[in-house]
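I have a structure I would like to understand better, so I am pasting it below and will then ask my questions one at a time.
The values are calculated or read from the model by the stated rules, or taken from the named source; none is laboratory data. Source: prediction; values computed, not measured. Cβ sites come from the backbone with ideal geometry, for glycine too, and all protein chains shown count toward neighbours. With ligands, DNA and RNA removed, areas are computed over all heavy atoms of the protein, side chains included. Shrake-Rupley method; radii C 1.70, N 1.55, O 1.52, S 1.80 Å.
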Amino acid sequence: MAESCTGGGIAHAVTDISGSSAWFDRGFVTYSNQSKIDMLGVKVQTLESFGAVSKQTALEMAAGTLMHSQADLALAVTGIAGPTGGSAHNPVGTVFVAWIVKNFTAECTHLRLSGNRQEIRQQAIDYCLEKALALSRHPQ
């Protein structure tokens, strides 16, 4: 799991579950662009061309998570929780969630969430947990 805008909230929720060490390998909190490059192998060109909050970056984050872990399912989230940082192209509440199930195609969902910073982050966390649960039951 790779997290940016959720700041480790997904990993926190997962590891609150007793016994999760049997199926949760690791998480990456890659809040800065440099950490996305260093820890997950996100390309500088991707960040320069599309930005940190983009489908392309989310997909590269998920691919890097799969490559740098023992996981069969990798999930990545990047977005703008606000209240600052939004733009006309990517307003506050813009979130991209990408996932890869080993030996399957990578996919990405673009979410437009609303609320304050904490509400947006919690909605993103909830979406990711629901998506991971669904994918663990029925890989695409």
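Report, by residue number, each residue of the range 24-49 that is among the basic types (K, R) and either more than 14 Å from A63 (Cβ to Cβ) or surrounded by 17 or more Cβ atoms within 10 Å (Cβ to Cβ) (or both).
R26, K36 - these are the residues of the range 24-49 that are among the basic types (K, R) and either more than 14 Å from A63 (Cβ to Cβ) or surrounded by 17 or more Cβ atoms within 10 Å (Cβ to Cβ) (or both).
Touching a helix residue (DSSP H, G or I) at 6+ places or on another chain (Cβ under 7 Å), farther than 15 Å from V95 by Cβ and at pLDDT 95 or above: does that describe A63?
no
Pull out all pairs, ordered by first then second residue, where Cβ-Cβ is under 6 Å, the residues are six or more apart or on different chains, the first lies in the range 70-86 and is more than 30 Å from A22 (Cβ to Cβ) and in contact (Cβ under 8 Å) with a residue 40 or more places away in the chain, and the second is part of a loop (DSSP other than H, G, I, E, B) and open to solvent by 50 Å² or more (accessible area, probe 1.4 Å).
Listed by first residue and then by second, the contacts come to I80/V92.
Examine the range 6-23 for a residue that is closer than 16 Å to H110 by Cβ and either free of Cβ contacts under 8 Å to residues at least 24 places away in the same chain or touching a Phe, Trp or Tyr at 6+ places or on another chain (Cβ under 9 Å) (or both), and state whether such a residue exists.
No, that holds for no residue.
Give me the residue from the range 1-23 that is part of a loop (DSSP other than H, G, I, E, B) and surrounded by fewer than 17 Cβ atoms within 10 Å (Cβ to Cβ) and, out of that set, modelled with the lowest pLDDT.
My answer is W23.
Where the second residue is among the acidic types (D, E) and outside any strand (DSSP E or B) and the first is open to solvent by less than 40 Å² (accessible area, probe 1.4 Å) and lies in the range 98-121, which pairs have Cβ atoms under 7 Å and are six or more apart or on separate chains?
V101/D72
Out of all the residues in the range 16-31, is one or more among the basic types (K, R) and closer than 21 Å to L129 by Cβ?
Within the range 16-31, one or more residues are among the basic types (K, R) and closer than 21 Å to L129 by Cβ.
Name the strands (runs of 3 or more DSSP E) wholly within the range 27-140 that hold at least 2 residues that are more than 11 Å from the chain's Cα centre (by Cα)?
94-101, 107-112
Given the structure, is S136 farther than 14 Å from A2 by Cα and either in contact with a Cys (Cβ under 9 Å, 6 or more places away or on another chain) or of a type in the set (S, T, Y) (or both)?
yes
A further question on this structure: How many residues does the range 86-97 hold that are open to solvent by 50 Å² or more (accessible area, probe 1.4 Å) and within 20 Å of G27 (Cβ to Cβ)?
Within the range 86-97, residues that are open to solvent by 50 Å² or more (accessible area, probe 1.4 Å) and within 20 Å of G27 (Cβ to Cβ) number 0.
Can I ask one more? Could you grab me the full set of residues in the range 63-78 that are farther than 8 Å from W99 by Cα and open to solvent by less than 10 Å² (accessible area, probe 1.4 Å)?
G64, T65, V77, T78 - these are the residues of the range 63-78 that are farther than 8 Å from W99 by Cα and open to solvent by less than 10 Å² (accessible area, probe 1.4 Å).
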